[in-house]
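S.K.: Below you will find the structure I want to go over with you.
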Amino acid sequence: MKLIHVAASVLNQTPLDWQHNSATVRQAIQVARDRGAVVVCLPELCLTGYGCEDAFHAANTHQRAWAALQELLPETRGMVVSFGLPALHQNGLFNCAALAVDGRLVGLVGKRFLAGDGIHYEPRWFKPWPAGVRDEFVTPSGETLPIGDLHFDVGGIRVGFEICEDAWVANRPGATLALHGVDLILNPSASHFAFGKLEVRKRFVLEGSRAFGVSYVYANLLGNESGRAIYDGGALVASAGKLLAAGARFSFRDCLLTTAIIDVDATRMSQARTASFKPGLAGSNPLCVHTKFKWPEVSPENARALREQNESTACGGWETSEHLKEEEFTRAEALALFDYLRKSRSQGFVVSLSGGADSAAVSCLVSLACELALKELGPDEVRGKLGHLRNLPAELTPHSLTNALLTTAYQATENSGPVTRAAARAVAEAVGATHFELDVSKLHRGYLETVESVFGRKFDWKSDDLALQNIQARVRSPGIWMLANVRDALLLSTSNRSEAAVGYATMDGDTSGGLSPIAGIDKAFLRQWLRWMETTGPDSLHPIPALAAVNAQAPTAELRPPGAKQTDEDDLMPYALLDAIERAAIRDKRSPLEVFHLLRGECSQFNVQQLGVWIERFFRLWSRNQWKRERYAPSFHLDDENLDPKTWCRFPILSGGFAAELAELREYVSKVA
């Protein structure tokens, strides 16, 4: 047996934070050494951070990344470590994995397939490295290194790379690497979280290891790296189609290591037994870089002990929950909020708590961030991570930490009712927020009287409905902003994705904020999550029964007089239908008539005329409200149905508004009604 101890490291990095990024890389290498691992795969672009955006085009970025790599090389003595960084070669910028062996660099591998869809924009900065090409890279210090579509013979063990997107394509490089007799494939990744995405990663890791007859090490980023994308970690190690180890996801730590011991002889003989395997026998291979390295002996007893340890700590608990989406949402949002707080160096969060579903959800998520962080890290580590905070309590508990970090305010006008006031107070008390009740009725009346004097008439609900609703939402903004400013805290906007799709939000009112944590999730799921939080809650935590006061209400903006009995769904349409139309129209790019055909069978409870009216309403509201989506505060990416125009779904601010398509829909509905 030829046994090798390998490690996949997940890191919580920050773009352009050179000191922090180097420190976490150094920590990962040291932890791997302490555990006896020899091969360490670090995440993609770990030295710079993945989300540097156009700073990748700054010479300073490359110079500092290279300097960081040089400083870290001595840490790799006696080890094989892959680093991720950009490399400028012949005036083309390449996303590279640099392999260090025993304290020296032996070559750079260029990423062949760039991620250019969804939230990824790599072709804006990088060039794809062509298949089968090797070149010489001149380092800033004047040395030359091989660069290209390379693999490495390291002391008789062959090591190759698939860099993130390389493994997601049909003609992935691993197939060619297998023909060249590669024993181990390293995959340094920056793969953002989306619901259900872990299963896709597992499939390509497992199938890659099986089909290519290799061992496979997958490393990923962790946390809220740069603002919008959330990285869940989830390192994986597989060999010959079998999963050897899987790392935890959504950890609050800066560095998490997953290790396993692979058997190189076993994978080699597995290939030898495969009748269809035909090795490349073209003689000397210029794409293979040879370097000396003495592999340490690994005893079968150590291999057995580590295997048993990995099996005993295999993912369970919430990862196997029948409410996996609710669990993932909770943990992704909690980690993203915690990281956003510490990386922005804000002193806390402020929420305008209306007593409705959206603001209640945001408040609960802040509380859950505090609880999950303390549960994993303990008070001392949390205090260290939040060292910038001025008013941390002496004793850190979930309740005391939430009380220090979260300020909520219920802001009443004449149209606010006792039900929402009581619901807001109950939620704030349940999660431990510092809660205020503000009466903005005088401000509201003052604005009305001021503008009425300009027009010389009293406004009424019959002719001025929208203006009268919006002024109530906007009059709440200055006070809550001031509360955030006084506390040096981050104001959280509470709009959800369903509202963003149809513009059912008041700009500079309920959209006010520096961060919009739930703008990436639909209202139907959010209500489902709140009911789950009321009765069940996350694994190993607890429910929040006070949410019953929120869940018992029909969602309402509460901006019309109480006698109007205003609800969101009366103003718009049933939220479940709105979300179905959004998926078909925006995610799947179907025309209004195609959406009608699709939903007519799925939503038979609605008559065809009503369905046609709601579909037309959606398309009209979608088209006229792109300007609102352009102005939303940054939101977290949670799934592949995002509406964020800066990272996912682009649409013109001015357009024809689907006029011809909606006329076609009306004509068809009139015939079948």
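S.K.: Scan the strands (runs of 3 or more DSSP E) fully inside the stretch 341-459 and keep the ones with 3 or more residues being open to solvent by less than 30 Å² (accessible area, probe 1.4 Å).
M.R.: On the way: elements: 349-352, 406-412, 434-439.
Because the criterion is at least 3 residues that are open to solvent by less than 30 Å² (accessible area, probe 1.4 Å), the strands (runs of 3 or more DSSP E) in the stretch 341-459 that meet it are 349-352, 406-412.
S.K.: Mind checking which residues of the stretch 196-217 are open to solvent by 10 Å² or more (accessible area, probe 1.4 Å) and more than 28 Å from the chain's Cα centre (by Cα)? Give the derivation first.
M.R.: As a first pass, look at the stretch 196-217 and keep what is open to solvent by 10 Å² or more (accessible area, probe 1.4 Å): 196-200, 202-204, 206-207, 210-212.
210, 211, 212, listed by residue number.
For (1) closer than 16 Å to residue 167 by Cβ; (2) aliphatic (A, V, I, L, M); (3) open to solvent by less than 30 Å² (accessible area, probe 1.4 Å), each residue gets a yes or a no:
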| site | (1), (2), (3) |
| --- | --- |
| 79 | no, yes, yes |
| 82 | yes, no, yes |
| 92 | no, no, yes |
| 102 | no, no, no |
| 105 | no, yes, yes |
| 109 | yes, yes, yes |
| 115 | yes, yes, yes |
| 123 | no, no, no |
| 126 | no, no, yes |
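S.K.: Continuing with this model, one more query. Restricting attention to the stretch 579-621, which residues are touching an Asp or Glu at 6+ places or on another chain (Cβ under 8 Å) and open to solvent by less than 70 Å² (accessible area, probe 1.4 Å)? Please lay out each step first, then the result.
M.R.: Our first condition is that a residue be touching an Asp or Glu at 6+ places or on another chain (Cβ under 8 Å); within the stretch 579-621, this holds for 579-580, 582-584, 586-587, 591-593, 618-619.
Scanning the stretch 579-621 gives 579, 580, 582, 584, 586, 591, 592, 593, 618, 619.
S.K.: Would you mind telling me which numbered condition in (1) touching a Leu at 6+ places or on another chain (Cβ under 7 Å); (2) farther than 17 Å from residue 148 by Cβ residue 107 fails?
M.R.: Condition (2) is where residue 107 drops out.
S.K.: In addition: Need pairs with beta-carbon distance below 7 Å; first residue modelled with pLDDT of 85 or more and open to solvent by 70 Å² or more (accessible area, probe 1.4 Å) and within the stretch 269-295, second part of a loop (DSSP other than H, G, I, E, B) and not hydroxyl-bearing (Ser, Thr, Tyr); sequence gap 6+ or separate chains.
M.R.: These pairs meet every condition: 292/155; 294/155.
S.K.: Sticking with this structure for a sec: Look at the stretch 489-524 and say how many of its residues are within 14 Å of residue 579 (Cβ to Cβ), acidic (Asp, Glu) and part of a loop (DSSP other than H, G, I, E, B).
M.R.: 1
S.K.: Which of (1) surrounded by fewer than 16 Cβ atoms within 10 Å (Cβ to Cβ); (2) closer than 30 Å to residue 117 by Cα does residue 554 not meet, given it meets every other one?
M.R.: Only one criterion is unmet by residue 554, namely (2).
S.K.: Can you say whether residue 510 is over 16 Å from residue 363 (Cβ atoms), open to solvent by 10 Å² or more (accessible area, probe 1.4 Å) and either of a type outside the set (Gly, Ala, Ser) or at pLDDT 95 or above (or both), as far as the supplied structure shows? Break it down into steps so the answer makes sense when it comes.
M.R.: Numbers: over 16 Å from residue 363 (Cβ atoms): no; open to solvent by 10 Å² or more (accessible area, probe 1.4 Å): yes; either of a type outside the set (Gly, Ala, Ser) or at pLDDT 95 or above (or both): yes.
Against the criterion (over 16 Å from residue 363 (Cβ atoms), open to solvent by 10 Å² or more (accessible area, probe 1.4 Å) and either of a type outside the set (Gly, Ala, Ser) or at pLDDT 95 or above (or both)), residue 510 does not qualify.
S.K.: Do the conditions hold for residue 236, that is, is it in contact with a Pro (Cβ under 9 Å, 6 or more places away or on another chain) and surrounded by 24 or more Cβ atoms within 10 Å (Cβ to Cβ)?
M.R.: On the way: in contact with a Pro (Cβ under 9 Å, 6 or more places away or on another chain): no; surrounded by 24 or more Cβ atoms within 10 Å (Cβ to Cβ): yes.
No.
S.K.: Turning to a different aspect of this structure: With the requirement that a residue be open to solvent by 30 Å² or more (accessible area, probe 1.4 Å) and either of a type in the set (D, E, K, R) or over 22 Å from residue 385 (Cα atoms) (or both), what does the stretch 247-260 give you? So that I can check it myself, show each step before the final result.
M.R.: So in the stretch 247-260, the residues open to solvent by 30 Å² or more (accessible area, probe 1.4 Å) come out as 248, 253-254, 256.
253, 254, listed by residue number.
S.K.: Counting only residues that are in contact with a helix residue (DSSP H, G or I) (Cβ under 6 Å, 6 or more places away or on another chain) and crowded, with 23+ Cβ neighbours inside 10 Å, give me the strands (runs of 3 or more DSSP E) lying completely in the stretch 149-189 with at least 2 of them. First the steps, then the outcome.
M.R.: Values: elements: 151-154, 157-161, 184-188.
So the answer is 184-188.
S.K.: Can you tell me which residues in the stretch 525-540 are farther than 27 Å from residue 634 by Cβ and not in a helix (DSSP H, G or I)? Steps first, please.
M.R.: Step one: of the stretch 525-540, the residues farther than 27 Å from residue 634 by Cβ are 531, 534-537, 539-540.
Hits for the stretch 525-540 are 536, 537, 539, 540.
S.K.: Is it the case that residue 61 is touching a helix residue (DSSP H, G or I) at 6+ places or on another chain (Cβ under 9 Å), open to solvent by less than 20 Å² (accessible area, probe 1.4 Å) and free of Cβ contacts under 8 Å to residues at least 40 places away in the same chain? It would help to see each step written out before you state the result.
M.R.: Working: touching a helix residue (DSSP H, G or I) at 6+ places or on another chain (Cβ under 9 Å): yes; open to solvent by less than 20 Å² (accessible area, probe 1.4 Å): yes; free of Cβ contacts under 8 Å to residues at least 40 places away in the same chain: no.
No, not satisfied.
S.K.: Next question, about the same structure. Kindly evaluate residue 332 against the criterion of being in contact with a Leu (Cβ under 7 Å, 6 or more places away or on another chain), buried (at least 24 other Cβ atoms within 10 Å of the Cβ) and under 27 Å from residue 238 (Cα atoms). Can you show your working first?
M.R.: Details: in contact with a Leu (Cβ under 7 Å, 6 or more places away or on another chain): yes; buried (at least 24 other Cβ atoms within 10 Å of the Cβ): yes; under 27 Å from residue 238 (Cα atoms): yes.
In short, yes.
The values are calculated or read from the model by the stated rules, or taken from the named source; none is laboratory data. From a predicted model like this one, the values you see are computed outputs, not experimental measurements. Cβ coordinates were reconstructed from backbone atoms using ideal geometry, including for glycine residues, and neighbour counts include every protein chain displayed. Note: accessible area is taken over every heavy atom of the protein model, side chains too, but ligands, DNA and RNA are not part of it. Shrake-Rupley method; radii C 1.70, N 1.55, O 1.52, S 1.80 Å.
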